[in-house]
1. In square nanometres and to one decimal, what's the mean projected area of the convex hull around the Cα atoms of region A:29-134?
2. Arranged from highest to lowest average of other beta-carbon atoms within 10 Å per residue, in what order do the peptides A:76-84, A:20-28 appear?
3. Say each of A:Glu162 and A:Asp58 gets a label point 7 Å from the Cα, pointing the same way as Cα to Cβ; how far apart are those two points in nm?
4. Between A:Phe82 and A:Trp24, what length in nm is gained on full extension when 0.36 nm per residue of separation is reduced by their alpha carbon distance?
5. Taking a cut-off of 23 Å between Cα atoms, list the lysines near A:Lys149, but don't count ones fewer than 8 places away on the same chain.
6. Can you give the angle from 0 to 90° between the axis of helix A:2-17 and the longest principal axis of chain A, with both taken from C-alpha atoms, to the nearest 10?
7. May I ask for the angle, rounded to the nearest 10°, between helix A:83-99 and the longest principal axis of chain A, with both axes built from Cα atoms and the value confined to 0 to 90°?
8. From the phi angles alone, apply the Karplus equation (6.51, -1.76, 1.60; θ = phi - 60°) to region A:123-139 and give each ³J(HN,Hα) in whole Hz, x where the residue is Gly or Pro.
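The values are calculated or read from the model by the stated rules, or taken from the named source; none is laboratory data. What you see is a predicted model, and the numbers here were worked out from it, not measured in a lab. Virtual Cβ from ideal backbone geometry, glycine too; neighbours counted across all protein chains shown. These accessible areas exclude ligands, DNA and RNA; they are computed on the full protein's heavy atoms, side chains included. Shrake-Rupley method; radii C 1.70, N 1.55, O 1.52, S 1.80 Å.
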Amino acid sequence: MKMNDIKTLYHILSAEFGPLYDWWVAGSPFERIAGAILVQQTRWENVDRVLTELKNRDLMSPGSIAALPLEELEDIVRPTGFYRNKAKSLKAVAEYFTASPIDSMSNKPQHVLRKELLALRGIGNETADVILLYVAGKPSFVIDAYTKKLCGCMGIQGNYAELQRLFEDALPRDVPVYQHYHALIVEHGKRYCGRKGCDSCAVARLRKYRGTPAFELAKP
DNA sequence: CTCCAGGAGTGTA
DNA sequence: TACACTCATGGA
C-alpha cells in the first residue's frame, strides 16, 4: 500500500533527523520567495551569497527588484547559474508582488493563488508550492527532485500532480506536517541521494516495515 | 576533467 | 500527454 509507505517513511525520517524546526531561515517573506526561485537546480550555498548581496545592497523587496535594471540583477544573481532566466523570473515575481502584496496571499483561495503564481515567468509546480507552503501558509505539498527520487526507490511512479495527491492523501492536511516532511526529505536527500547510490537510503529501512500496520500520525 | 545540484520554458511527436 | 533539449555557475 503506497499510502502506508508514505506514512511509515515520515516516521523513519523523523526518528533520524528530528523535528527540524525553522530549517529554512529567512529574514523576510520576500527573501524566501527570492530564495525559492534562485535555488532552482542549484545548491543553497550559492543562493545564500546572492541573498546576502541583495540585502547588502538594500534590494530585498519587491519594489526594489522591480525597479532594478535587468542587467544589474543578472550580475547579482549570476552565482546561482541560469542567471538570465533567474533575473527575468525574479523581476516578474517582484512586479507581481508589488501589485498584489505578499500579505494578501492569505486572503485568496489556495487554487486561485496557485494559478496566479504558475502564470508568472519562472514559477512552475514546485516553486509555486514552495511559496504556497512556506510563505502563504497554504497546505500544498512540495514535490521536489528528492521526493521523486525517493518515490522511485519505493516503486512509486507518477507525474507531479499524482505524487502530490498521494502525499496529501496519506497525511493530515496540515502546514507544519507538510513543511516538516519536505524538510526531512531534503535533509535525507542531501545525505543519501548523492552519486554514491542509495545503500543507506531510508527506503532500505522502510522495507522492513512493510506488511505491518501503518504508523498513526499524531493529530496536529 | 567530469558530473550535477531542492527547475522551468520551449519545441516536437 | 510525454520526452528531449536548453539554460549556467560553482563545488566535489
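1. Numbers: hull surface 23.4 nm².
If I average the Cα hull's projected area over directions, I get 5.8 nm².
2. Numbers: A:76-84: 18.1, A:20-28: 12.6.
Order by mean packing, descending: A:76-84, A:20-28.
3. For A:Glu162 paired with A:Asp58, the spin-label model returns 5.2 nm.
4. Details: separation 58, 0.36 × 58 = 20.88 nm, distance 2.27 nm.
Going from the current span to full extension adds 18.6 nm.
5. Hits, sequence-local ones excluded: A:Lys2, A:Lys7, A:Lys190, A:Lys196, A:Lys208.
6. For A:2-17 against chain A, the angle is about 70 degrees.
7. 80
8. Running phi through 6.51 cos²θ - 1.76 cosθ + 1.60 with θ = phi - 60° gives 10, x, 3, 5, 5, 4, 5, 4, 5, 4, 6, 9, 10, 8, x, 9, x Hz.
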